[in-house]
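Here's the structure, in structure tokens; my notes come after.
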Amino acid sequence: MPERRRVLVTGGASGIGLAVARRLADDGDRVVVADVDGAALHRLEQTLPGCVTVVADLARAEDVHRLAAEVGAVDVLVNNAGLQRVHPIERFPEEEWNTMLAVMLTAPFLLTKAVLPGMYDRGWGRVVNIASVHGLVASPYKACYVAAKHAIVGLTKVVALEAGARCADVTAHAICPSYVRTPLVEAQIADQARAHGLAEDDVLTDVLLASNSVKRLIEPEEVAEAVAFVCRPGAWSMSGSVLTLDAGWLAH
Ligand SMILES: NC(=O)c1ccc[n+]([C@@H]2O[C@H](COP(=O)([O-])OP(=O)(O)OC[C@H]3O[C@@H](n4cnc5c(N)ncnc54)[C@H](O)[C@@H]3O)[C@@H](O)[C@H]2O)c1
């Protein structure tokens, strides 16, 4: 493993990505954060000394290629950027479908394609995809999110197979959390409260956490801990693993 790893975290200006960037910087890694939100990246630079930021809209392939070229060699790639849109299929806007797939599937593919050759050359690398429990089970009205997350779990497995055949210490992992306390979920609480005519506290227990056996949101730092774990040297044997942090959702 390189002494000071170079890490790229996408969507690292907020939520889980931000916690991952902080956690890996604490481990001594050199962290690059890419995000579409330039103002949030500016704030991050003030609070995480040494962190390099790149403004990129990962829905645009040209931005993804520019990002890959600008960052160069990467030892740990964390594909985290994501967004949620909720509609019944018959009213799901095609444009939103395309944007979501571009950010949550095509961008991770293009970035993985760009960084893998360098990982093979250096004999060490980690591709960590922040999937979701929705990479393993479905919920209504989340057609694109569920499709994209199932697909990223599949992509993770292919990377693990191809990388494993080339180099034992180049690995791929899918992290599958259920609901995490981030702006992405906080927005859903307000939306669902309006849609169901419920108080926001009731949305949490009766809607979002209905399938969890443990009725609490996961903290972003707890997901970051799992990412740090699969990035440790001894984690090579977990390649291709799908790590569920689902508060008991799939135990039913
Ligand atoms: N919060 C949850 O409950 C939860 C659960 C499981 C998986 N996830 C996944 O974790 C990841 C992070 O989600 P979060 O909850 O931290 O959300 P968040 O909204 O807090 O952060 C997402 C980040 O992605 C960035 N982003 C969105 N579109 C982008 C684009 N086109 N180009 C570049 N950056 C873009 C946003 O600006 C933001 O900084 C997502 O992939 C999400 O699907 C979240």
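The values are calculated or read from the model by the stated rules, or taken from the named source; none is laboratory data. Quantities reported herein were computed from a predicted structural model and do not represent experimental measurements. Note that we place each Cβ from the backbone using ideal geometry, even for glycine, and neighbour counts take in every protein chain shown. All accessible areas refer to the heavy atoms of the entire protein, side chains included, with ligands and DNA or RNA removed. Shrake-Rupley method; radii C 1.70, N 1.55, O 1.52, S 1.80 Å.
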Practice item. Tell me which of these G50 doesn't satisfy, since it passes every other one: (1) in contact with a strand residue (DSSP E or B) (Cβ under 9 Å, 6 or more places away or on another chain); (2) within 26 Å of V185 (Cα to Cα). Key: (2)
Exercise for review: Report yes if some residue within the stretch 105-112 is closer than 29 Å to C167 by Cα and in contact with a Gly (Cβ under 6 Å, 6 or more places away or on another chain); otherwise report no.
Suggested key: no
**Study point:** Identity of the residue in the stretch 23-52, within 17 Å of the chain's Cα centre (by Cα) and among the charged types (D, E, K, R), that ends up surrounded by the fewest Cβ atoms within 10 Å (Cβ to Cβ)
**Key:** D37
Practice item. For the stretch 31-52, name all the residues that are of a type in the set (D, E) and near the ligand (Cβ under 10 Å from one of its atoms). Key: D35, D37
Exercise for review: Could you check, for the stretch 80-97, whether at least one of its residues is within 22 Å of G240 (Cβ to Cβ), among the β-branched types (V, I, T) and assigned by TED's automatic domain parsing to the domain that holds A226?
Suggested key: no
Revision key, fill the gap. Exception for W97 within (1) within 10 Å of the ligand (Cβ to nearest atom); (2) in contact with a Cys (Cβ under 6 Å, 6 or more places away or on another chain) falls at (1)
Study note, to complete from the structure: Out of (1) open to solvent by less than 70 Å² (accessible area, probe 1.4 Å); (2) within 14 Å of the ligand (Cβ to nearest atom); (3) among the β-branched types (V, I, T); (4) without any contact (Cβ under 8 Å) to a residue 40 or more places away in the chain, the one V55 does not meet is (1)
Check your understanding: within 22 Å of the chain's Cα centre (by Cα) and of a type in the set (D, E, K, R) - does that describe any residue in the stretch 202-213?
Key -> no
**Study point:** Among the residues listed as R216, R166, the single one being touching a residue at least 12 places away in the same chain (Cβ under 8 Å) and within 14 Å of the ligand (Cβ to nearest atom)
**Key:** R216
Review point. In the stretch 87-118, what residues are open to solvent by 30 Å² or more (accessible area, probe 1.4 Å) and touching a Phe, Trp or Tyr at 6+ places or on another chain (Cβ under 7 Å)?
Key: H87
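Mind listing whichever residues of the stretch 194-215 are open to solvent by less than 10 Å² (accessible area, probe 1.4 Å) and part of a helix (DSSP H, G or I)? Quick ask: steps written out before the conclusion?
From the stretch 194-215, those open to solvent by less than 10 Å² (accessible area, probe 1.4 Å) are 203, 208-209, 212; that's our starting set.
If the condition is that a residue be open to solvent by less than 10 Å² (accessible area, probe 1.4 Å) and part of a helix (DSSP H, G or I), then V203, L208 are the ones that fit.
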Revision key, fill the gap. Of the conditions (1) more than 19 Å from the chain's Cα centre (by Cα); (2) not assigned by TED's automatic domain parsing to the domain that holds G82, the single one that E186 does not satisfy is (1)
Exercise for review: Pull up the stretch 154-177, narrow it to residues that are of a type in the set (G, A, S) and open to solvent by 10 Å² or more (accessible area, probe 1.4 Å), then point me to the one that is farthest from V227 (Cα to Cα).
Suggested key: A165
